[in-house]
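Please read the structure below before turning to the comments.
Nothing in this text is a laboratory measurement; each read-out follows from the coordinates by a stated rule. Computed from a predicted model, the values in this text were never measured in an experiment. For neighbour counting, all protein chains shown are included, and Cβ atoms are generated from backbone atoms with ideal geometry for every residue, glycine included.
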């Protein structure tokens, strides 16, 4: 290898290193937080955002809510139901605890929403009563099951509609949460089961983002 070739090789290597560091910084959220630690905490960010479908749902106060207008805060969408015997009360209790341990300057940037997969039984009144056991600031949404399925499919949180003709039926659903950004688009997922300690460590950096 000639001296000129060696010089060119070194310059190419330096440029590749600089580009690699730049790309890594961008992929790491512009230097905010450790992506490995985020993943270890169960927070999975998508490489590109996803728009939510244009759907109208009813909240726990009987008001209409456009799901593609859940903006201004980071939102965790949990698909569950009030008659759930295990996953739902456990997850909501964990979310209450996680929220209580977050710094006051970022907790206001978080919205937690239960989307009912059991609209047959989960009236707005029932949702309000149930969520009040955990945190009165938690929000609930209900709609015809076809609309709930459309939203669930859009954010890749599947559930299987129940046979409501059976007494004391249960609904098969995922424990994962969909993560929406302040712009109202889906930014990622939060894996189940939740790890309270790791979530509390990683969420402040995420909630500070736009």
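Ordered by packing density, taken as the mean number of other Cβ atoms within 10 Å over each peptide's residues, highest first, how do 164-176, 146-158 rank? Display every interim value, and only then the final one.
Working: 164-176: 13.7, 146-158: 17.0.
Taking the mean over residues of other Cβ atoms within 10 Å, the ranking is 146-158, 164-176.
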Euclidean distance of C-alpha centroids, the stretch 159-178 and the stretch 60-122, integer Å: 17
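When a/c is below 1.5 the answer is rounded, else prolate if a/b is larger than b/c, else oblate, so apply that to the stretch 47-139 with a ≥ b ≥ c taken from the square roots of the Cα gyration tensor eigenvalues. Don't jump to the answer; show the numbers that get you there.
On the way: a/c = 1.59, a/b = 1.05, b/c = 1.51.
Oblate is the answer for the stretch 47-139, as a/c is 1.5 or above yet b/c matches or exceeds a/b.
Cβ neighbours within 10 Å, averaged per peptide: list 112-119, 49-56, 135-142, 194-201 in order, most packed at the top.
On the way: 112-119: 25.2, 49-56: 13.9, 135-142: 19.6, 194-201: 16.8.
Descending mean neighbour count gives 112-119, 135-142, 194-201, 49-56.
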